[in-house]
Amino acid sequence: MIVEASWADLANAKDYHRGHIPGAIHVNTDLFENGYPEWKLQPLESLQKSIGDLGIAPDTTVIVYSEQLIAATRVWWVLMYAGVADVRILDGDARTWSLAGFELEQSLRELPPVAFVANPRTDWLIETATLRELLTSNGTAKTNDPTIPLRLFDMRSQAEFAGEISGYSYLDAKGRIPTASWLGDADDSSLTYKLANGRLRPPREIYTEWHAKGLDLTNAADSSVADSNSVPLHVFYCGGGWRSSAAFFYAWLSGAGNIRNYADGWAGWSTRYIRDETATGNTPGWSQIKTDHPVESADLTPLK
């Protein structure tokens, strides 16, 4: 099955209607999220039902592409996490497909739903409570030292990492998770992972840049969370799991197993949304409440 992914329902999926790879179905990334105002990943049971409703079975080979690589990697990660056995990402998009001399089509394709029962890859995800437990010791954040079990990598823009902006219209909180290292902006606009011509950057280039920034996955093949004397757990995060999925994809390509995607991201770490009909601001009808999780600002001091 071929999947064209974007943040749009079918009626408004402009990229899909303009021309897609023959036989492709459209997947709205909203299917996998809990909607306004949080946009968090759905619970596993809901994810599996949504995937089955698309006509995807656990043994379906799925090829995902998008004009936005972070949308493609988001869907790739969700499908793999939920238990689809074989999911791949196209090295390109509709433009590169067309430039290679292949035809696009505009006809609509939808498939009948199937029952989806599969063993999820739960070791691909780290929950907020687990991250908090690994990050703190007696209430104090540990240092990001390669000898401890956790290495945390921020995939947002430099301005988000520095606490200058939140990066999202629905999020007020600014800052970063303590001990995080900035690994570079994974958004498509940065051209870090997807080139201007629509192709993927060669992995060896990515790994060279990562190594220069302190990330070496050479010994990260162990998929278990281990003690302080063994291979650290490498965790990628962004604002809400999209950009971190792109980094996770490249880390997975390297053969690393001791990696996790923190899908809740900065939004889930920093903020709770409480229903409040009187609330205005960036999330009308919802108040944004800071969590009690430790955070850092641009000058490395805890935010109040």
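Please treat every number below as a calculation from the coordinates, not as lab data. Keep in mind that what you see is a predicted model, and the values were worked out from it rather than measured. All Cβ positions, glycine included, derive from the backbone under ideal geometry; neighbour counts span all protein chains shown.
Can you tell me how many residues within segment 12-40 are more than 19 Å from Pro58 (Cβ to Cβ), out of contact with any His (no Cβ under 9 Å at 6 or more places or on another chain) and not hydroxyl-bearing (Ser, Thr, Tyr)? Steps first, answer last, please.
Kept after step one, since they are more than 19 Å from Pro58 (Cβ to Cβ), are these residues of segment 12-40: 12-24, 26, 28-30, 33-40.
From what's left, out of contact with any His (no Cβ under 9 Å at 6 or more places or on another chain): 12, 14, 18-19, 21-24, 28-30, 33-40.
Subsequent filtering for residues that are not hydroxyl-bearing (Ser, Thr, Tyr) retains 12, 14, 18-19, 21-24, 28, 30, 33-35, 37-40.
Selection size over segment 12-40: 17.
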Only listed residue being surrounded by fewer than 14 Cβ atoms within 10 Å (Cβ to Cβ) and over 28 Å from Cys238 (Cα atoms), chosen from Ala24, Ala57, Ala11: Ala11
Single residue of segment 258-274 satisfying the filter (among the small types (Gly, Ala, Ser) and in contact (Cβ under 8 Å) with a residue 40 or more places away in the chain) that is nearest to Tyr81 (Cα to Cα): Ala263
Inside segment 93-112, the number of residues satisfying the requirement of being assigned to a loop (DSSP other than H, G, I, E, B) and surrounded by 15 or more Cβ atoms within 10 Å (Cβ to Cβ) is 2
What pairs come out if I take residues in segment 146-175 that are free of Cβ contacts under 8 Å to residues at least 40 places away in the same chain and pair them with residues that are of a type in the set (Val, Ile, Thr) and part of a loop (DSSP other than H, G, I, E, B) whose C-beta lies under 8 Å away, six or more apart or interchain? Ser157/Ile165; Ala159/Ile165
Sort through Arg151, Arg156 and tell me the only one that's charged (D, E, K, R) and either part of a loop (DSSP other than H, G, I, E, B) or at positive phi (or both). Arg156
